[in-house]
Amino acid sequence: MPPTSTHEVTNQVPPITGLDISTSPALLEALHREGAGWAEDEVRGLARLGNSDAVQTAGRLANEHPPVLRTHDRYGVRVDEVEYLPQYHDLMRTAVEHGLHGAAWADDRPGSHVARAAKVIAWGVADAGHLCPISMTYAVVPALRTTPELAAAYEPLLTNRSYDFGLRAPLSKSGLIAGMSMTEKQGGSDVRANTTTATPNADGSWSLTGHKWFTSAPMSDLFLTLAQTTNGLSCFLVPRILPDGTRNAFFLQRLKDKLGNKSNASSEVEYDGALGWLVGAEGRGVRTIIEMVNMTRLDCSLMAAGGMRLGVAQAVHHATHRRAFGKALVDQPAMRNVLADLAVDSEAATAVVMRIAGAVDRASRGDAAEALFRRVALSVTKYFLCKRLASHTVEALECLGGNGYIEDSGMPRLYREAPLISIWEGSGNVAALDTLRAMVKEPDAVEAFFAELSTAAGTDARYDDALALLQKEFSDLDDLEFRARRLVERMALLLQGAELLKHGEPAVAEAFVRSRLAHDWGVAYGTLPPGVDTAAILERAVPVA
């Protein structure tokens, strides 16, 4: 040892890279249960790849060196391009080649959307930012299908497993990435306040003029966007490059300096007569683009479940290898309570998002009942899991102590990502109120949701009591908006409880029902009641080689 060394370094936790930290028994069980067991090997392989040294380095670099906007070239010509590190393109290429983008829509195998959901969770350990354009490409397909001629032209390229980056005419490329450009500075979630206008051209195209406040992944090939016509808010497909190879009037004003999600460029965009094509019926823009929103809400929920799994894996790994007061942290009763509590939420989140992915898959094949269930289950789950992730991440970070507060651990990046998905595709209030709107406009969807909850009735008296209480709450229509979050939270908890009671590890189901539904629980994590089988819960949470 050099003469300046004063001690030998001991009691530090070994690297977590190289371990499978994103799949879990809960994920793999659900993969088989929802009809996609055939994808297990690929899911496992993708999880191991995502946590490899090379990919973790790529994700770190892509966040430490964010994209850069180049508005003009050296000659003063307007180019409006965003430069990314090569590592970002490596992440995108892997995601596309494994079909995390639109490929599931072209896969006839039952369970293809379930397999894709599991792969999103498995690969999410690599980097969250690049999953934004991946998610939007997945979500654009059902919206585009409202206009068959556009779907026929673009869907084969949106589902092809080829990452073909660069600004060229879309139909000349081997694969496409899509984005969404909805919100404006004066409206935010209130898209009906948008002022961007669209006027028809003689050739059937439209010219769009206006400013968009948040457009992520602006180097994508195509965007769904909203603009006002004489018949109301309408949806349009806007390409970056026109069919003749010239650049569309699509100008990048600046990139947003965000809290997290640094690898993903989010921009303000100016349309100055940008050409686009109508998607869906004129004046029905919200109804058209809601198909895209629903699918991105699914991915928000998947990312929440994946984020919880990563937090649990990091916390359990640290506690297993770190010693304090004479024994491993994982053997300290107070720490075991915290870790088990975190693991219960992680398993519940995984079970419910995979159930919804199964509903998406079956709905895509014509199952009307599953389509109805999906409608409410998506907004309920998006609200609760995306809200829950932030507090879950804070507690997981705390399990690492000061080591979790430094960038080297990876936890700060997870911490900064956690609030995003609660905002993306509608904040908590938007998601909660959307559920209430479904009660009024789509009562069949609400009935389908409660029918799903009833499948677990009779398995546990505490669950039955919680279900009866929720039904009583819904019978009272006073102050419904004021109580929106309260109602939706209970719906989400009951849906998770139903999945765990029917399919989960008994120790996890018992802990969930006793604490979350019977309220034998405190405010913070680590307040599970005595008698919970923490050993059985934590056995399923350990990262594996």
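Some points to look at:
- Residues satisfying the criterion are absent from the stretch 317-325 (criterion: within 17 Å of the chain's Cα centre (by Cα), more than 18 Å from ARG490 (Cα to Cα) and in a helix (DSSP H, G or I)).
- Positions within the stretch 61-80 being crowded, with 18+ Cβ neighbours inside 10 Å and either within 30 Å of ARG116 (Cβ to Cβ) or modelled with pLDDT under 95 (or both), in sequence order: ALA62, ASN63, PRO66, PRO67
- When restricted to residues that are more than 16 Å from SER220 (Cα to Cα) and either assigned by TED's automatic domain parsing to the domain that holds ASP299 or in contact (Cβ under 8 Å) with a residue 60 or more places away in the chain (or both), the stretch 72-84 contains 1.
- Residue among ARG297, ARG365 that alone is surrounded by fewer than 23 Cβ atoms within 10 Å (Cβ to Cβ) and closer than 26 Å to ALA498 by Cβ: ARG365
- So SER422, is it of a type in the set (Ser, Thr, Tyr) and modelled with pLDDT under 95: yes
- Within the stretch 448-469, the set of residues being surrounded by 14 or more Cβ atoms within 10 Å (Cβ to Cβ) and either closer than 17 Å to GLU370 by Cα or under 27 Å from the mean Cα position of the chain (by Cα) (or both) comprises ALA448, PHE449, PHE450, GLU452, LEU453, ALA456.
- The residue that is nearest to the chain's Cα centre (by Cα), among those in the stretch 143-187 that are of a type in the set (Lys, Arg) and farther than 19 Å from PRO133 by Cβ, is ARG145.
- Among the residues of the stretch 488-539, those identified as of a type in the set (Lys, Arg) and either surrounded by fewer than 20 Cβ atoms within 10 Å (Cβ to Cβ) or farther than 18 Å from LEU385 by Cα (or both) are LYS502, ARG514.
- Only a single item in (1) in contact (Cβ under 8 Å) with a residue 12 or more places away in the chain; (2) in a helix (DSSP H, G or I) is not met by TYR271, and it is number (2).
- On the stretch given as the stretch 58-88, residues that are of a type outside the set (Asp, Glu) and not in a helix (DSSP H, G or I) total 17.
Okay, residues lined up against (1) in a helix (DSSP H, G or I); (2) of a type in the set (Val, Ile, Thr); (3) without any contact (Cβ under 8 Å) to a residue 12 or more places away in the chain:
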{"position": "ARG375", "(1), (2), (3)": "yes, no, no"}
{"position": "LYS382", "(1), (2), (3)": "yes, no, no"}
{"position": "ALA390", "(1), (2), (3)": "yes, no, no"}
{"position": "GLU395", "(1), (2), (3)": "yes, no, no"}
{"position": "ASP408", "(1), (2), (3)": "yes, no, yes"}
{"position": "ILE421", "(1), (2), (3)": "yes, yes, no"}
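- Residue match in the stretch 428-438 (condition: assigned by TED's automatic domain parsing to the domain that holds ALA328, acidic (Asp, Glu), farther than 24 Å from LEU259 by Cβ and at pLDDT below 95): yes
- Of the residues in the stretch 49-57, not one is over 22 Å from ILE21 (Cβ atoms) and part of a loop (DSSP other than H, G, I, E, B).
The values are calculated or read from the model by the stated rules, or taken from the named source; none is laboratory data. Keep in mind that this is a model prediction, so the values were computed, not measured. Note: ideal-geometry Cβ built from the backbone for every residue, glycine included; neighbour counts use all protein chains shown.
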